[in-house]
Each structure stands twice: as structure tokens, then as C-alpha cells.
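Read through the structure below, which is laid out as C-alpha cells, and then see the notes.
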Amino acid sequence: MALVTTTEMFKKAYEGGYAVGAFNVNNMEIIQGITEAAGELNSPLILQVSAGARKYANHAYLVKLVEAALEVNDIPIALHLDHGADFEVCKSCIDGGFTSVMIDGSHHDFETNIEVTKRVAEYAHAHGVVVEGELGQLAGIEDEVNVSAADAAYTNPDQVEEFVKRTGVDSLAIAIGTSHGAFKFKPGQKPQLRFDILKEIENRIPGFPIVLHGASSVSQEYVREIQQYGGKMADAIGIPEDMLREAAKSAVCKINIDSDLRLAFTAGVRKVLAEDPSAFDPRAYLKEGRANIKALVSHKIIDVLGSDQKA
Ligand code: G3H
Ligand code: 13P
Ligand code: ZN
């Protein structure tokens, strides 16, 4: 099967009351772990690539690795640019084989965000590629840009209809209290998401696919393992999975997960190296990281997203 856009995936997810997982990829083992899980569960999949991933692995390697995954797994996969900073990076991914791009103009004022997003949407659509825009700002770290909790802002439902109409985007990322990274809430703080804002947005743009960034739930099992096997990691708290399950049943059609993958992979690698300090074959420890990624993604697909058997 060739790479697909998210159009059909989102239509089915919206109507079926589930969400498609968008997992960040940076190397072969991560791609293998995610796609093996989705392949076995017959689930649609979005593999997303950040500017940092392109810098680390090289655009060409990532595209070819994802193409290889498509040869092995017969499921629909969309290849998506995560947090495109400007028109140029989006153009480079559209020209370079991606089927979906995000233009993240959320840090701009409303009019500038519309201007840059519209420009990307026009170019993308002329090339058969779909576009995700963002309104509202999440807290946390992405590509070395750190947005403090104080600067984060919920999406204003009054703006969504105008934004979607004027830009021509195909999906919209919103801010309702999720945040990037593994440290989403302070110890003792009660995790909360603004489902009232999500509902209001849903009412303003019925049928339109919504995207949730910063949706890792930060498995305590992996945090403990990292700590147990010598990692210096503070206690971390993510988005409770019951909240993600609720979101997946709503207009939210794409749920972004990266930090959970990082924790799973690192826990696996640390475990092997701690249990066998003489190990020096990279396959021995990367294999364990990959196995953890596969187990994590299987769990997300079955127990959180509800996208199994929906390919
Ligand atoms: O939202 C950000 C993603 O987790 C990607 O992170 O920019 O460090 O690759 P990165
Ligand atoms: P997490 O840091 O919660 O995994 O969020 C990832 C993300 O939103 C990628 O765009
Ligand atoms: Zn994000």
C-alpha cells in the first residue's frame, strides 16, 4: 500500500468515535515497533516527523524507512510533518513525499497565523497533501522552544470557525490543557482538561477533525524502570488515559504521542545495559527498546484510541 493522506482516516474516525494515533519517529527501531503493532492490529496510523527528527536522521532516511514499513505492513499510513515552523519547511516536506503537514502558526497573532497557514494550505492542496493548523498555545518543550505554563493559552472557540474557513486547513490542533514533554503536571496537581472548550469547538465546526497534541500519559511503569536502572529522572505525570479515551470518542481524530515512546524506549535500553553491563552489541539493547515501543503502541491502539481493526 502507498502512503495515504489523513482525509479518509479522519472521516472514519469521526464517524466511528475513535482516534488515530500520531506517533513521532526518529529511527528504524521506533518505526518498526510502531508499525508492527499497528500492522498486527490492523489499525490506521500517522507517523510524524519533527524538524529535530529530520535534523537527526535525515529526511531521505525517514521517508525510505517509512516506505519500507509499508512494504511489510498492509495498513494505511500517513507521513506527517510535526510542528512545521514556516512555509519553507512545509514546502520541503510536501515536495519530499510527505502526505500531510502541520503549519504551526500558533505563536503568531491571529491574522499572521491565518496568513501563513493559508499559504501552506494552498501549496499543499495543489500537491495532494493535507494540512493541520493550530490555534491556541500548549505549554512545554518542542524543538527547543519552551512555552511556559503561564504563556500557554486555551483555544478561543470564537475564533475556530473563521480560522478554518479562511485558511482552508483540513484539521485543527487545539489547546485544552495538554502540554508537551513528560512533566505535564506538578506532583500533587490534579490533571485536568477543558472538555467544555472542546465541546464548544465541536459545536462551532461540526464534523471537522480536531487534533490533540501533548497527549502522552507517561506510564509510571516506565518512569520507575528508568529510575530503577540508573536514570536520573524526576517523577513525571502525564494525561490520564481515561481522559484520552473520552477525547478519542469526540471530534478528536488525531492524538499525538512522543514522550511515551521516548520513555518506553529508554526504559528498555537501560534495563538491558543495567542487567548486563558488559553488553556492547547495539542490537541487544535496541531490540528491547523496540519491543517496548511495540507493546506501548499496541496498548494505545486497543485501550486508548480504539483504532484496532479500523484500517
Ligand atoms: O511536539 C514535539 C515532539 O515531541 C517532537 O519533539 O522536536 O524534540 O523532536 P522534538
Ligand atoms: P507528548 O510530549 O505529550 O508526547 O506530545 C507529543 C506531540 O504533541 C508531538 O507533536
Ligand atoms: Zn505537538
Members of the stretch 64-92 that are over 17 Å from the mean Cα position of the chain (by Cα), hydrophobic (A, V, I, L, M, F, W, C) and within 28 Å of residue 310 (Cβ to Cβ)
65, 68, 69, 70, 72, 75
Mind telling me which of the residues 164, 169 ends up being in contact with a Ser or Thr (Cβ under 7 Å, 6 or more places away or on another chain), surrounded by 19 or more Cβ atoms within 10 Å (Cβ to Cβ), of a type outside the set (Ser, Thr, Tyr) and over 28 Å from residue 295 (Cβ atoms)?
169
Filter the stretch 186-237 down to residues that are at positive phi and more than 16 Å from ligand 3 (Cβ to nearest atom), then give me how many there are.
3
Criterion: out of contact with any Phe, Trp or Tyr (no Cβ under 8 Å at 6 or more places or on another chain), surrounded by 18 or more Cβ atoms within 10 Å (Cβ to Cβ) and farther than 26 Å from residue 248 by Cβ - qualifying residue of 37, 57, 69:
57
Being within 16 Å of ligand 1 (Cβ to nearest atom) and closer than 29 Å to residue 125 by Cβ narrows it down to one residue among 174, 205; which is it?
174
Test each condition in (1) under 18 Å from the mean Cα position of the chain (by Cα); (2) closer than 24 Å to residue 51 by Cα; (3) of a type outside the set (D, E, K, R) for residue 193 and report the one that comes out false.
(2)
Condition check: away from ligand 3 (no atom under 16 Å from the Cβ), closer than 26 Å to residue 13 by Cα and in contact with a Lys or Arg (Cβ under 8 Å, 6 or more places away or on another chain). Does residue 129 satisfy that?
no
Taking the conditions exactly as written (of a type outside the set (A, V, I, L, M), under 29 Å from residue 226 (Cβ atoms), within 14 Å of ligand 2 (Cβ to nearest atom) and surrounded by fewer than 19 Cβ atoms within 10 Å (Cβ to Cβ)), does residue 191 satisfy them or not?
yes
Where residues in the stretch 118-135 are crowded, with 24+ Cβ neighbours inside 10 Å and more than 19 Å from the chain's Cα centre (by Cα), which of them is nearest to ligand 1 (Cβ to nearest atom)?
120
Is it the case that residue 22 is among the small types (Gly, Ala, Ser), within 14 Å of ligand 1 (Cβ to nearest atom) and surrounded by 20 or more Cβ atoms within 10 Å (Cβ to Cβ)?
yes
Strands (runs of 3 or more DSSP E) wholly in the stretch 1-107 with at least 1 residues that are under 18 Å from residue 127 (Cβ atoms) and at pLDDT 95 or above - which ones?
45-49, 77-84, 100-103
For residue 242, all conditions in the list (1) over 25 Å from residue 17 (Cα atoms); (2) in a helix (DSSP H, G or I); (3) free of Cβ contacts under 8 Å to residues at least 12 places away in the same chain hold save one; what is the number of the exception?
(1)
Given (1) in contact with a Leu (Cβ under 9 Å, 6 or more places away or on another chain); (2) surrounded by 21 or more Cβ atoms within 10 Å (Cβ to Cβ), index of the condition residue 245 fails:
(2)
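The values are calculated or read from the model by the stated rules, or taken from the named source; none is laboratory data. Keep in mind the model is a prediction, meaning the values are calculated, not measured. Note that we place each Cβ from the backbone using ideal geometry, even for glycine, and neighbour counts take in every protein chain shown.
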